Amino acid sequence: MAKFNILGVYVDNRVKSSQMLQKALTDCGCSIKLRIGLHEVDEKTCAVNGLIILQVFGGAKASEKIKRILKKVPGVKIKEMLF
């Protein structure tokens, strides 16, 4: 089993999908050890796209469940890293 299971979740429209995405993450909350959200922002702009980094707790089974749920959110792409 991997010691660190990291999911990168790219969101192409944070505003449009935020409610559905937040519900999905909340439903999976007991399997998410760490969550970091990143998006471009400056004095003039707040980007509509962004990246969420998740550290998954619970091994491959939990990771597959989270990926399955997140893939239902429009505009979401997922990459996985195992260490």
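The values are calculated or read from the model by the stated rules, or taken from the named source; none is laboratory data. It should be emphasised that the depicted structure is a prediction, and the values quoted were computed from it without experimental measurement. Ideal geometry is used to build each Cβ from the backbone, glycine not excepted, and the neighbour counts take in all protein chains shown. Accessible surface areas use protein heavy atoms only, side chains included; no ligands, DNA or RNA. Shrake-Rupley method; radii C 1.70, N 1.55, O 1.52, S 1.80 Å.
Restricting GLU43, GLU64 to residues that are out of contact with any Cys (no Cβ under 9 Å at 6 or more places or on another chain), open to solvent by 80 Å² or more (accessible area, probe 1.4 Å) and part of a helix (DSSP H, G or I) narrows the list to GLU64. Just wondering, is there one or more residues in the range 20-30 that are touching a Gly at 6+ places or on another chain (Cβ under 8 Å), surrounded by 11 or more Cβ atoms within 10 Å (Cβ to Cβ) and not in a loop (DSSP other than H, G, I, E, B)? No; the residues of the range 20-30 include none that is touching a Gly at 6+ places or on another chain (Cβ under 8 Å), surrounded by 11 or more Cβ atoms within 10 Å (Cβ to Cβ) and not in a loop (DSSP other than H, G, I, E, B). The set of residues in the range 38-83 being among the acidic types (Asp, Glu) and free of Cβ contacts under 8 Å to residues at least 12 places away in the same chain consists of GLU40, ASP42, GLU43, GLU64.
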